[in-house]
Amino acid sequence: MPIIGLNIGKRSFRAVELDFKKDKIILNNFGNYSNPKVSMDPNSQDDLDMVSQSLEQFFSEVGFSSSDIITSVNETNVFMRIIKLPAMNDKELKSSIKFEAEQYIPLPLDQVNVSYQKLEQDFSDKGKMSVQIVAARKDIVEKYVEILRKAKLTPKAIEPETIALGRVLGDTKENPSGTMILEMGYSNSLIVVCYGGFVRFTRAIPIGGDVITKTIMQSLSLDYEQAEEYKKVYGLDDFQGEGKVAAVIKPVIDNLILEVQRAAVFFTNHNPSASIKRVVLSGGTALMPNLLSYVANKLDLEVMLANPLNNIEISPKLEKQKQTIIDEAPLYSSVIGLALRKI
């Protein structure tokens with residue numbers, strides 16, 4: 001059965017449809033929909049209705065064959081923490097997790113949906129184990145479910161975007177290699193550290209593509225559309241546009257790189273045997289010209305562009321769009337990760 005990974009962004013939707021055939025994963029369809037009128041404000045019923053209508057229109061235009069959806073909830077509405085507990089079996093953990101969660105989650109448990117996962121490897125304390133606790137606000141999850149159902153879609157699962165990113169771009173249990181993912185979105189960027197097949201650390205940074213565009217707009221006296229085009233065409237290329245756009249963007253990217261360095265130091269200090277080996281740039285903003293080389297020159301680490309299509313076949317039906325999805329693959333990392341969850 002095909003499954004769709006869907007991201008409901010602040011001003012856009014992105015989705016992919018994956019099909020699972022024996023030992024193959026096939027990309028059946030994909031789409032990206034931008035609408036400056038779409039606003040994902042959970043407190044506004046008018047906005048929710050507009051999102052549902054726009055989502056229904058998007059699915060109709062793209063022509064997805066499935067209505068089964070796995071989507072992500074905004075990271076600001078999710079609490080995730082890794083805690084250390086005395087080693088215990090699954091039954092003991094299940095009976096004690098509620099008590100443990102109450103100590104770490106800053107909201108009453110009747111206001112959140114809680115899930116947990118035992119991590120297979122602890123880095124220091126013998127006789128203890130690490131457990132990942134994830135809590136999402138119930139009222140927000142219910143809003144997402146309402147949006148999907150009004151758009152005639154069937155929600156199958158909702159999870160944090162960081163978990164989806166770790167699934168598609170992180171390392172594996174079999175070949176642990178500390179990986180930091182920098183997902184550069186519209187309004188913010190997510191730092192996700194994976195080790196041993198699990199997400200170990202996350203942080204949201206309020207620097208995204210919108211901040212970069214507005215910086216160009218204000219510094220070079222352009223309108224928003226012009227600034228957005230300059231960002232996409234010139235980016236960090238010193239030899240384009242007399243280097244003016246690159247000069248404006250660099251301080252913003254430097255601030256983001258500083259946050260990456262701080263996150264790396266924090267993680268390594270707390271997990272000395274699990275140092276970070278590589279940084280993966282993902283999201284639409286990661287496609288800016290010369291960003292990859294600029295970040296690589298600033299960090300003493302291997303830096304690469306995300307390839308979420310690794311081990312995924314592209315359907316022959318998408319032959320005319322094949323190069324587009326390959327070129328824009330980092331834009332679809334999180335939704336591919338969502339769809340890979342299956343049901």
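For the chain, DSSP calls about 70 percent of its internal beta bridges antiparallel.
You can think of it this way: the chain between Lys320 and Lys342 has 5.3 nm of extra reach, that is 0.36 nm per residue less the Cα-Cα gap. Which of these, Asp90, Asp47, Asp139, has the largest mean-square fluctuation under a Gaussian network model of the chain (Cα springs below 10 Å)? Looking only at Asp90, Asp47, Asp139, the biggest GNM fluctuation is shown by Asp90. Only aspartates and glutamates eight or more places from Lys320 in sequence, or on another chain, were considered; those with a Cα closer than 15 Å are Glu328.
The simple Förster model, with R0 at 30 Å and r as the Cβ-Cβ distance, assigns Glu328 and Gln111 a FRET efficiency of 0.20. In percent, rounded to a whole number, the relative contact order of the chain is 20, using alpha-carbon pairs under 8 Å and six or more apart.
Spin-label model, Ser273/Ala247: points 7 Å from Cα along the beta carbon direction are separated by 5.1 nm. Computed from label points 7 Å out along Cα-Cβ, the spacing between Thr172 and Arg262 is 3.5 nm. Spin-label pair Ser34-Val145: with each label point 7 Å from Cα along the Cα-Cβ axis, the two points sit 3.4 nm from one another. Each of Met1, Met184, Met50 has some number of other Cβ atoms within 10 Å of its Cβ, and from fewest to most they run Met1, Met50, Met184. Under 15 Å from the Cβ of Pro155, count the other residues' Cβ atoms, weight Lys and Arg +1, Asp and Glu -1, and hand me the total. Charge balance in the 15 Å sphere: +3. Given R0 = 51 Å, the distance between the Cβ atoms of Arg81 and Ser293 translates into a calculated FRET efficiency of 0.90. Computed over the stretch 52-121, the range of Cα coordinates on each principal axis works out to 52, 26, 19 Å, biggest value leading. Projected onto their three principal axes, the Cα atoms of the chain cover extents of 62, 48, 42 Å, largest first.
A short reminder: the numbers here are calculations on the coordinates, not readings from a lab. Only a predicted model underlies this, so the values are computations on that prediction, with no experimental measurement involved. Note that we place each Cβ from the backbone using ideal geometry, even for glycine, and neighbour counts take in every protein chain shown.
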